[in-house]
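Novice: Would you mind keeping the following structure in view while I ask a few things?
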Amino acid sequence: ETGVTQTPRHLVMGMTNKKSLKCEQHLGHNAMYWYKQSAKKPLELMFVYSLEERVENNSVPSRFSPECPNSSHLFLHLHTLQPEDSALYLCASSQSSFGQGTGELFFGEGSRLTVL
Amino acid sequence: AQSVTQPDIHITVSEGASLELRCNYSYGATPYLFWYVQSPGQGLQLLLKYFSGDTLVQGIKGFEAEFKRSQSSFNLRKPSVHWSDAAEYFCAVGERWGYGGATNKLIFGTGTLLAVQP
């Protein structure tokens, strides 16, 4: 069992659909993240939740809506997406903080999203 | 703002040859530095990390990296590359974020795609 599990692994949706990506971590971490990975671009940090409170929102369009009901689960709700939103969406978790020699991020395998 | 530069987009080496992937960062204080690897269709796996102390750090799969403050670099090395090392490699710098610095954030470079010739 991997530490961070993402479902679905692949998703194809139309621009008018509503779907959700799910992430679950089994590592006992207290922070969770959504990153977007597009071709030929650096990984973009979208959202960070620490202790279930959102602490980072990098000017992400409102058509992406995160939800973190507890420290083990993270969702990314998608609605009225655009074709340019097609990408690999990576979930990660970590334990605060860097100062104790830990705090690295552990990633899931990603959800490949295609918007038609 | 912090940034990470990986100047080599694509590198090809022969199996058994040595490897060095370059990484330069921009950060005012002592950085937290990481190397991750991503195989096709997979997520990112941590190879190694530097927080403090010995500037030469050992990682998994025979990789090592050396932190050089004077050059703002954290280059990844492997003495003998195996075909299974073909993947994309990402360097990242970390910073504390959020209330009281309790949350970690990683800034990634654009990655270096490694191809291994037989």
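Novice: Which residues, counting only those in segment A:39-51, are closer than 11 Å to A:Ser71 by Cα and assigned to a loop (DSSP other than H, G, I, E, B)?
Specialist: A:Leu51
Novice: Just give me the residues in segment A:46-64 being crowded, with 21+ Cβ neighbours inside 10 Å, facing another protein chain (nearest Cβ under 8 Å) and without any contact (Cβ under 8 Å) to a residue 40 or more places away in the chain, in sequence order. Can you show your working first?
Specialist: If we filter segment A:46-64 for residues that are crowded, with 21+ Cβ neighbours inside 10 Å, which is where we start, we get A:47-50.
Applying the additional criterion that residues be facing another protein chain (nearest Cβ under 8 Å) yields A:48, A:50.
Residue satisfying the conditions is A:Val48 alone.
Novice: Taking the residues in segment A:65-89 that are more than 18 Å from A:Thr114 (Cα to Cα) and part of a loop (DSSP other than H, G, I, E, B) as candidates, determine which candidate is farthest from the other protein chains (Cβ to nearest Cβ).
Specialist: Within segment A:65-89, the match that is farthest from the other protein chains (Cβ to nearest Cβ) is A:Ser72.
Novice: Moving on to the next point. What is the residue count in segment A:1-33 for residues that are more than 16 Å from the chain's Cα centre (by Cα) and assigned to a strand (DSSP E or B)?
Specialist: Of the residues in that region, 3 qualify.
Novice: Where in segment B:1-83 are the strands (runs of 3 or more DSSP E), entirely inside, with at least 2 residues that are surrounded by 17 or more Cβ atoms within 10 Å (Cβ to Cβ), touching a Cys at 6+ places or on another chain (Cβ under 7 Å) and away from every other protein chain (no Cβ under 14 Å)?
Specialist: By residue number, B:73-78.
Novice: Among the residues of segment B:85-104, is any at the interface with chain A (Cβ under 9 Å from one of its Cβ atoms) and either touching a His at 6+ places or on another chain (Cβ under 8 Å) or β-branched (Val, Ile, Thr) (or both)?
Specialist: Yes, there is a match, as at least one residue in segment B:85-104 is at the interface with chain A (Cβ under 9 Å from one of its Cβ atoms) and either touching a His at 6+ places or on another chain (Cβ under 8 Å) or β-branched (Val, Ile, Thr) (or both).
Novice: Does A:Lys36 satisfy being in a loop (DSSP other than H, G, I, E, B), closer than 22 Å to B:Gln38 by Cα and within 12 Å of another protein chain (Cβ to nearest Cβ)?
Specialist: On the way: in a loop (DSSP other than H, G, I, E, B): no; closer than 22 Å to B:Gln38 by Cα: yes; within 12 Å of another protein chain (Cβ to nearest Cβ): yes.
No; evaluated as a whole, the condition is false for this residue.
Novice: Still on this structure, please answer the following. Does any residue in segment A:10-22 that is touching a residue at least 60 places away in the same chain (Cβ under 8 Å) come within less than 8 Å, Cβ to Cβ, of a residue that is aliphatic (A, V, I, L, M) and not in a strand (DSSP E or B) six or more places away or on a different chain, and which pairs are these?
Specialist: What qualifies is A:Val12/A:Leu116; A:Met13/A:Leu81; A:Met13/A:Leu116; A:Gly14/A:Leu116; A:Met15/A:Leu81; A:Met15/A:Leu116; A:Asn17/A:Leu81.
Novice: Here is a follow-up. Assuming A:Leu43 fulfils every condition listed in (1) buried (at least 19 other Cβ atoms within 10 Å of the Cβ); (2) more than 9 Å from chain B (Cβ to nearest Cβ); (3) among the hydrophobic types (A, V, I, L, M, F, W, C) apart from one, which condition is it?
Specialist: For A:Leu43, the exception is condition (2).
Novice: Given the structure, is A:Glu109 at pLDDT 90 or above and either within 25 Å of B:Tyr50 (Cβ to Cβ) or within 9 Å of another protein chain (Cβ to nearest Cβ) (or both)?
Specialist: On the way: at pLDDT 90 or above: yes; either within 25 Å of B:Tyr50 (Cβ to Cβ) or within 9 Å of another protein chain (Cβ to nearest Cβ) (or both): yes.
Spelling it out, A:Glu109 is indeed at pLDDT 90 or above and either within 25 Å of B:Tyr50 (Cβ to Cβ) or within 9 Å of another protein chain (Cβ to nearest Cβ) (or both).
Novice: Please verify whether B:Leu113 is aliphatic (A, V, I, L, M), touching a Cys at 6+ places or on another chain (Cβ under 9 Å) and either at pLDDT 95 or above or not in a strand (DSSP E or B) (or both), treating the condition exactly as stated.
Specialist: When the stated conditions are applied, B:Leu113 does not pass them.
Novice: Please work out if A:Arg54 is assigned to a strand (DSSP E or B), of a type in the set (D, E, K, R) and over 18 Å from B:Gln42 (Cβ atoms).
Specialist: Yes.
The values are calculated or read from the model by the stated rules, or taken from the named source; none is laboratory data. Keep in mind the model is a prediction, meaning the values are calculated, not measured. Here the Cβ is made from the backbone with ideal geometry for all residues, glycine too, and neighbour counts use every protein chain on show.
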